[in-house]
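The values are calculated or read from the model by the stated rules, or taken from the named source; none is laboratory data. Treat the numbers as computed from the prediction; the structure is a model and nothing was measured. Counting neighbours? That spans all protein chains shown, and the Cβs are built from the backbone with ideal geometry, glycine included.
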């Protein structure tokens, strides 16, 4: 749990059925669409090579539609001859997914479209059917847990001090498209109101576990990850319950307000796209200690001995 400026790689897993992927070496900005595709229904197999009277290797020569193209019912996929033409025709509206080794066409209806946006300013290092990876330089703050889809927006303060709770009344449509920074706590009411007002994401010291269950459900809270693109995005920096942000974390957050930022939920990190000289050399955050009832966390006081309730964080985050 500390700030660091450096080079970061962000992997964006892709659903099955990508029709477009950004190519390796491309320069992208956070929020740019780097892949699109569709979820498909049952596959229809249409005779191709046998239907038009050619061998499978020659089907490409007489084909009129390439894989991953959208087709309408009656679209001619391949054709031979003129006066006595032979044609393979799509029987449905859908997407041509694949041409088999036997020269048959695999077509399926598209049930939903999807897109993946970059969570990083940088260069595409990898682009394949499994994932698109983007590498770039920025400021980063590692948190404990994040929920929801990746979020991109301008960083904005929703509280005046690091020990305040983010009140629902501080969240309205003026924060639409922004990543709002709370203080020690964000309740379920603030999360749901932020989502309804179009807030891109929320960052705070902690959130009550009960409130997370209200918003995301038991299974998602147990797994520590997102369940739906329709749910809000939050980043818990120090823990659950209530956790005032240490000055070493809060002061850079306040200084970076107004900068473009993103929350990458898979790594539970906040990325801020500001130059290195935007902040002084960050100070390491102190260890955190759980309260006796485990309902909150606080920085370890100077001279206080470390005990079993001290939380250890990976300094590399």
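The figures follow:
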read-out	value
Those residues of the range 69-110 which are without any contact (Cβ under 8 Å) to a residue 24 or more places away in the chain and more than 19 Å from residue 58 (Cβ to Cβ), in sequence order	72, 73, 74, 75, 83, 93
Residue in the range 193-218 that is modelled with the highest pLDDT, counting only those that are part of a helix (DSSP H, G or I) and surrounded by fewer than 17 Cβ atoms within 10 Å (Cβ to Cβ)	196
Residue match in the range 116-131 (condition: touching a residue at least 60 places away in the same chain (Cβ under 8 Å), closer than 30 Å to residue 242 by Cα and surrounded by 16 or more Cβ atoms within 10 Å (Cβ to Cβ))	yes
Meets criteria (at pLDDT 95 or above, surrounded by 13 or more Cβ atoms within 10 Å (Cβ to Cβ) and within 30 Å of the chain's Cα centre (by Cα)) for residue 68	no
Total residues in the range 87-115, condition surrounded by fewer than 20 Cβ atoms within 10 Å (Cβ to Cβ) and in contact with a helix residue (DSSP H, G or I) (Cβ under 7 Å, 6 or more places away or on another chain)	3
Enumeration of residues in the range 71-85 that are exposed (fewer than 14 other Cβ atoms within 10 Å of the Cβ), touching a helix residue (DSSP H, G or I) at 6+ places or on another chain (Cβ under 9 Å) and at pLDDT 95 or above	none
Residues within the range 71-107 that are within 32 Å of the chain's Cα centre (by Cα) and outside any strand (DSSP E or B), tallied	1
Residues located in the range 32-42, provided they are at pLDDT 95 or above and surrounded by fewer than 19 Cβ atoms within 10 Å (Cβ to Cβ)	32, 33
Which listed residue, of 261, 268, is at positive phi and buried (at least 17 other Cβ atoms within 10 Å of the Cβ)	268
